[in-house]
1. In what order do I194, I90 fall by count of nearby beta-carbon atoms within 10 Å, going from fewest to most?
2. Stretch K222-K178 to full length: gain in nm at 0.36 nm per residue minus the Cα-Cα span?
3. Can you tell me the FRET efficiency between L231 and K117 if r is taken as the Cβ-Cβ distance and R0 is 22 Å, rounded to the nearest 0.05?
4. Computed from the mean reciprocal separation of all distinct C-alpha pairs, what Kirkwood hydrodynamic radius does the range 128-232 have, in Å?
5. Determine the gain in length on full extension of the stretch E109-Q136; use 0.36 nm per residue of separation and subtract their C-alpha separation, reporting nm with one decimal.
6. Please work out the FRET efficiency for the pair K125 and K57, using the Cβ-Cβ distance as r and a Förster radius of 22 Å; give the result to the nearest 0.05.
7. Where the convex hull is taken over the Cα atoms of the range 115-180, what is its projected area averaged over directions, in nm²?
8. Taking +1 at the Cβ of each Lys and Arg and -1 at the Cβ of each Asp and Glu, which of Y182, L165, A219 sits farthest along the dipole of the range 158-232 towards its positive end, judged by Cα position relative to the Cα centre?
Amino acid sequence: MTPSEHFLFFKGISKGRSYLSGGEQSKFEKAGIMVKQSSLFVCGALCEGMVNFEKLKGFVSRVRPALAKGTAVRLPVGYPAICIDGSDAIQGQILDLEASDTLLSILDEFHGFNPNKPEKSLMIKAELDVVCENLQFKALAYVLNPDRMPKKLEVIEQGDWVRNLQENPPLTERLNDKQKQYVSRLGASSGREIVPIDLDLYRQLMSLEIVADKGRRLALTKLGKELYKHLQ
């Protein structure tokens, strides 16, 4: 889905998309895996048509366009996140999930949420006021921890992150294949492993603050680790 198509999707769609027909069992239920019915409001990378939706698609029973009250901010990697304070109408989706404990743990890890130490987590879980299918209710979402806000944040005007990404694509879309491949290799390597790099690529990734020179080897910076997460 192109940025223009994605923008029109949010502006024009009125009904949610269902991945399971009425009464149909999911593959997890058929396999005897315990799942929890859960709904999650998302914006940005986890929305249908965006970079990380395919990772969740197998667990999604329905997608419904929705608006949430809050403030949308742009993270250094380029994707939006939600601040619970604010009154903008943030475009997003309600994902109805058939979630196992494993998936819920993966979602926590993806969002930098530690259920044992929520006060030290990048993001926390919170209930937002949402409007979906002409109904107003509370929905669970991952939002930025107000006590652990990243230093480099850009407030997205009127919460319109779709337009923001059209005008300034995220870092994952600005890198070339060679740069992405190296970040993926470095992210998958062990702590002491040396991943060879040529001088031009070294200069490019250093200037983007994606890698840090540790002397005998390179390592991903905080931005690099966030980028690696979106490239998997």
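1. Least crowded to most crowded, the residues run I194, I90.
2. The K222-K178 span can extend by a further 13.8 nm.
3. Efficiency for this residue pair is about 0.25.
4. Taking every pair of different Cα atoms in the range 128-232, averaging 1/r and inverting gives 16.5 Å.
5. Computed gain between E109 and Q136 is 6.8 nm.
6. Plugging the Cβ-Cβ distance into 1/(1 + (r/R0)^6) gives 0.50.
7. The directionally averaged projection comes out at 7.3 nm².
8. A219
Every number in this text was worked out from the coordinates using simple rules, so none of it is lab data. Predicted model only: the values in this text are computed from it and were never measured. All Cβ positions, even for glycine, are placed from backbone atoms using ideal geometry, and neighbour counts span all protein chains on display.
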